[in-house]
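Down below is the structure, laid out as structure tokens.
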Amino acid sequence: MRLVNVVGARPQFIKLAPVLKAIEQHNHEHPQGLIRETLVHTGQHYDFEMSQVFFDELGLKAPDYHLGVGSGSHGHQTGEMLKEIEQVLLDEKPDWVVVYGDTNTTLAAALAAAKLHVPVAHVEAGLRSFNRRMPEELNRVLADHVSDLLFCPTETAAENLRREGFTNILDDGHLLPLDHGPRTTHNGPVVANVGDVMYDAVLLYGTLAQGKPSILRRLGLKQGEYALATIHRAENTDDRERLRSIFEGLEAVAVEGLRVVVPLHPRTRQALSSQLPEFCSLSRGVELLEPVSYLVMINLERNAKVILTDSGGVQKEAFFFGIPCVTLRKETEWTETIETGWNRLVGCDPGAIRKAACGPAAEKRVRLRPYGDGQAAKRIVSCLGHP
Ligand code: UD1
Ligand code: UDP
């Protein structure tokens, strides 16, 4: 069986890692049913600390194809990828194309494959913010609706797909048993809740992260005595007033005596430098860093007092590590983090940000394994390996 993985943006390298490991394991255990994997990197992210650092640190194989597409407007970037991926698929003739998450890379790969009648498997299917102004929401909806195998990370995601008319939902959207055996897609698209590959990744790399020389020492941070923040969503970076409001909120947290460290996405750094250069200065109590590697990020997350973010992946990692999260958006796809009291949606109001980060903690509720059991990649590969 021939499979093409397509990735291109930071969170996709992290989602890919457990899947590549599961393919290796599958090939070791099933020499008769080998999966021949080809890796495509679209080049959506290209700075060393947005791309290569993840390949080095997570021990990922070098991409078989690097398309070097780079940045651009949505149409331009997606179009360039579509063109290039189509050629790869014509050359490789895979049985499956696997796409991850909700970026322009996801949409381009899903569309290129579907148009060539190559079956598409979407990892992280069914997530919805119900906000069509988010580029990611369009990417998710469109990728899901051209996919043949939809791997949901949660029951909520499977339920979203049911509401959109998908009927073939394995085990009624409950976590798929590990020994589920072969599944067929002959009767139209199949939806399966396999759990979240990002939870797999945290379990796989958590110990390795602990063994790394601690970033905390380097930055002089003490466990439980700082706030960690990331901001990169278009809705926040592309609106000067929203961005100002968020940084005022972070400053208000710093004024309360909590150091605030911000590994800054290049998009946000550019927006600050051009629109709000006054926030680039250290003296305002918010410490801006270059983007950090995954293992460093995990270390920063699990030792923070609180995490403030508009990232999808970071909200979940806060939940995995049991760190309270303040989400700088009005909605989230990861509703389980809210329902259990670990996450609060505050938008961009400075007072609300300060209150949520520094005020009393919300009451927490337990919910058993909303993101699976750390074996999502194994289920994915098992489904793909025995279609
Ligand atoms: C993309 C995804 C978003 C995901 C995020 C993960 C889309 C529409 N958005 O957003 O869903 O959460 O990745 O981080 O696909 N840039 C650099 N160096 C890089 C990469 C980007 O300087 O290596 C700058 C460029 O100016 C670029 C801007 O960041 O124009 C935005 O990059 P882009 O990949 O278009 O979107 P992200 O904001 O990274
Ligand atoms: N991340 C990282 N370094 C950083 C910021 C984030 O390694 O400086 C990791 C983070 O731990 C998570 C993933 O990148 O695993 C989330 O990616 P991002 O926030 O860019 O995108 P999103 O999840 O919102 O799509």
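Readers should treat all values here as calculations from the given coordinates under stated rules, not as data from a laboratory. Every value quoted in this text rests on a predicted model; they were computed, and no experiment measured them. Neighbour counts run over all protein chains shown; Cβ positions are idealised from the backbone, glycine included.
The figures follow:
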{"read-out": "Local electrostatic count at residue 90 - Lys and Arg +1, Asp and Glu -1, tallied over other residues with Cβ under 14 Å", "value": "0"}
{"read-out": "Residue 25/residue 131 FRET efficiency (R0 30 Å; Cβ-Cβ; nearest 0.05)", "value": "0.20"}
{"read-out": "Length gained when the stretch residue 93-residue 174 is fully extended (0.36 nm per residue, less Cα-Cα span)", "value": "25.9 nm"}
{"read-out": "Inter-label distance, nm, simple model (7 Å from Cα along the C-beta direction), residue 163/residue 204", "value": "3.1 nm"}
{"read-out": "Rg ratio (alpha-carbon, reference 2.2 N^0.38 Å) - segment 250-331", "value": "1.10"}
{"read-out": "Loop trypsin sites (Lys or Arg not before Pro), segment 147-245, which have at most 14 other Cβ atoms in a 10 Å radius of their Cβ (DSSP)", "value": "222"}
{"read-out": "Charge-dipole axis of the chain as Lys and Arg at +1 and Asp and Glu at -1 on Cβ define it, positive-most pick from 20, 300, 221", "value": "221"}
{"read-out": "For 373, 91, order by how many other beta-carbon atoms lie within 10 Å, fewest first", "value": "91, 373"}
{"read-out": "Net charge of neighbours whose Cβ lies under 12 Å from the Cβ of residue 368, counting Lys and Arg as +1 and Asp and Glu as -1", "value": "0"}
{"read-out": "Value of Rg to Rh for segment 45-139 (Rh from inverse mean 1/r over Cα pairs, i.e. Kirkwood)", "value": "0.97"}
{"read-out": "Spatially proximal lysines relative to residue 212 (Cα-Cα < 18 Å; intrachain offsets below 8 disregarded)", "value": "222"}
{"read-out": "Shape of the chain, Cα gyration tensor, a/c cut at 1.5", "value": "prolate"}
{"read-out": "Helix 240-255 vs. the chain, principal-axis angle (Cα, 0 to 90°, nearest 10)", "value": "60 degrees"}
{"read-out": "For residue 179, net neighbour charge (Lys/Arg +1, Asp/Glu -1) across residues whose Cβ lies under 11 Å away", "value": "+2"}
{"read-out": "For segment 107-167: span of alpha carbons on each principal axis (Å, largest first)", "value": "30, 26, 18"}
{"read-out": "Spin-label model distance (nm) - residue 276 vs residue 365, 7 Å beyond Cα toward Cβ", "value": "3.4 nm"}
{"read-out": "Anisotropy class of segment 12-81 from Cα gyration tensor, a/c 1.5 cut", "value": "prolate"}
{"read-out": "Proximal lysines relative to residue 15, as straight alpha-carbon distance under 20 Å, when same-chain residues fewer than 8 apart are discounted", "value": "61, 316, 378"}
{"read-out": "Shape category assigned to segment 81-211 from the gyration tensor of Cα positions, a/c cut at 1.5", "value": "rounded"}
{"read-out": "Nearby lysines by direct alpha-carbon distance to residue 93 (threshold 20 angstrom, same-chain neighbours under 8 apart not counted)", "value": "83, 115"}
